[in-house]
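Asks: The structure that follows is given in the form of structure tokens.
The values are calculated or read from the model by the stated rules, or taken from the named source; none is laboratory data. What you see is a predicted model, and the numbers here were worked out from it, not measured in a lab. Every residue, glycine as well, gets a Cβ built from its backbone with ideal geometry; the counts of neighbours run over all protein chains shown. Accessible surface areas use protein heavy atoms only, side chains included; no ligands, DNA or RNA. Shrake-Rupley method; radii C 1.70, N 1.55, O 1.52, S 1.80 Å.
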Amino acid sequence: MIQSDKIDSSNMDIKKIANSVLIFSLKRLIEIIGILISCFGFLILLALFSYSPEDPNFIFQENVSINNLIGFQGSYTSDLFFQSIGIISFLVPLTFIFTGISLFKKKEFFLIINNLFYAVLYCLVGSIFFAFFFNDTYSLYINGNGGFVGNYLNQTFLSSLILINEEITFYILIVLVLVLFLISINFSPKNFYQLIK
């Protein structure tokens, strides 16, 4: 009887140790994924800031000289971002950077899906904003500041809604992009206040 109690006790200890090891491993894995997401965000940000229309891209490939700091991959990535969603692309890597930091701190894997959902929303809103109000561009000469997504959305019923009252819609779209972006980076007014304090 005493021996069976010892066996049950040792089985419970093994299960606790195995559970602890599993939880520890999962937390470290989530931290590594968070670091990789933040690094990915930094690389995209660097590629976007060093974008040059003269770099080889999906449309024009005749020039072999690459000015992008990330090289060939940065040239294609930045071109893809700018030609698809336009200037709002600069917010996307910030979302990745802050998502990685939040994932590292909170260890909640659902943050990735949540933040990407809001990133898609602010990209759509920002694309139509730039396509409607600031479509003329000096460097993104193919699809304008809103990218082809903004140009497409600008040809739908959404442009009719904007035309009802352009001035009010201008500010509504700015606020909407800002709010969706802040949600996508897990901005907390309480934490921000404590940081300033």
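Asks: Out of the total accessible area of the chain (probe 1.4 Å, heavy atoms of protein only), what percent is carbon and sulfur?
Replies: On the way: 8850 of 12570 Å².
Answer for the chain: carbon and sulfur cover 70 percent of the accessible area.
Asks: Angle, helix 166-184 long axis vs. longest principal axis of the chain, Cα atoms, 0 to 90°, nearest 10?
Replies: 20
Asks: On full extension of the chain, what length is gained from F157 through Q194, given 0.36 nm per residue of separation minus the C-alpha to C-alpha distance? Let's see the in-between values first.
Replies: Values: separation 37, 0.36 × 37 = 13.32 nm, distance 4.33 nm.
This chain segment gains 9.0 nm when fully extended.
Asks: Using a Förster radius of 22 Å, what is the FRET efficiency between F133 and E54 based on their Cβ-Cβ separation? Nearest 0.05, please.
Replies: On the way: r = 27 Å, r/R0 = 1.23.
According to the calculation, E is roughly 0.20.
Asks: With every protein chain kept in place and ligands, DNA and RNA left out, what is the accessible area per residue of the chain? Probe 1.4 Å, answer in Å². Present the calculation step by step, with values, prior to reporting the outcome.
Replies: Numbers: 12570 Å² over 197 residues.
That works out to 64 Å² for each residue.
Asks: Between F148 and F117, what is the label-point separation in nm under the 7 Å Cα-to-beta-carbon projection?
Replies: Reported label-point gap for F117 and F148 is 2.8 nm.
Asks: At R0 = 22 Å, how high is the FRET efficiency between Q73 and K107 if r is their beta carbon distance? Nearest 0.05 is fine. Intermediate results must be reported in sequence, preceding the final value.
Replies: Details: r = 30 Å, r/R0 = 1.35.
Calculated transfer efficiency: 0.15.
Asks: Further, regarding this structure: Starting from the Cα gyration tensor of the chain, multiply each eigenvalue by 5, take the square root, and state the resulting semi-axes largest first in whole Å. Kindly include the intermediate steps, with their values, before the conclusion.
Replies: Details: eigenvalues 402, 106, 39 Å².
The answer is 45, 23, 14 Å, longest axis first.
Asks: With r as the distance between the Cβ atoms of L46 and I168 and R0 = 41 Å, compute the FRET efficiency 1/(1 + (r/R0)^6) and round to 0.05.
Replies: That gives a FRET efficiency of 0.65.
Asks: Here is a follow-up. I'd like the orientation of helix 110-133 relative to the chain: the angle between its Cα long axis and the longest Cα principal axis, in ° from 0 to 90, rounded to 10.
Replies: 10
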